[in-house]
Amino acid sequence: MWLAATSLGCAHAQPVVQASEGAADVSQAAPANEVRQADLIIREATIDAPAALIEGPITFSISNATRRERTVAVEGRGGPWRLERPIPPDRSMTLDVVLEPGDYLISSGEGEARLRAKLRVLKR
């Protein structure tokens, strides 16, 4: 699923065109329809991301703490999800997803400069 993000931080779903470590505590279980927030921080050499989350709707609040624009993708079951455009330096955007149990890869950038963080989504 492709998502478009605005500079105000809102993400809007668009149709799928093609499918192709930092540690944090597991989020508390929430009702199935409650959206939870998870913070991602893109740094020069790492992505600060939770190690695990509980399945369901998640809004990733993604901050770019670098000096250049950064792309962001979440790859895994039901994905990939991507911001439609890069995040400018020192700015934030959001990405709304619904995650199922399994392993996911959060990435930013391309080629050898691509940053990666693993995320495990646990059953409710």
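Every number here is computed from the coordinates shown, using simple stated rules; none is lab data. Since the model is a prediction, treat every value here as computed from it, not as a measurement. All Cβ positions, even for glycine, are placed from backbone atoms using ideal geometry, and neighbour counts span all protein chains on display.
Structure summary
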read-out: Most to least packed among 86-94, 57-65 [average Cβ atoms within 10 Å]; value: 57-65, 86-94
read-out: Residue 45 versus residue 100: modelled label distance in nm, points set 7 Å from Cα along the beta carbon direction; value: 3.8 nm
read-out: Kirkwood Rh in Å, taken over the range 75-124 so that all alpha-carbon pairs contribute; value: 12.4 Å
read-out: Efficiency of FRET from Cβ geometry, residue 122 and residue 90, R₀ 22 Å, rounded to 0.05; value: 0.10
read-out: Spin-label proximity, residue 77 to the range 31-62 - amide N less than 12 Å from point 7 Å beyond Cα toward beta carbon; value: 54-56
read-out: Rounded to whole Hz, the Karplus (6.51, -1.76, 1.60) HN-Hα couplings of the range 41-57, x for glycine and proline; value: 10, 8, 10, 4, 10, 8, 10, 7, 8, x, 7, 8, 9, 8, 3, x, x
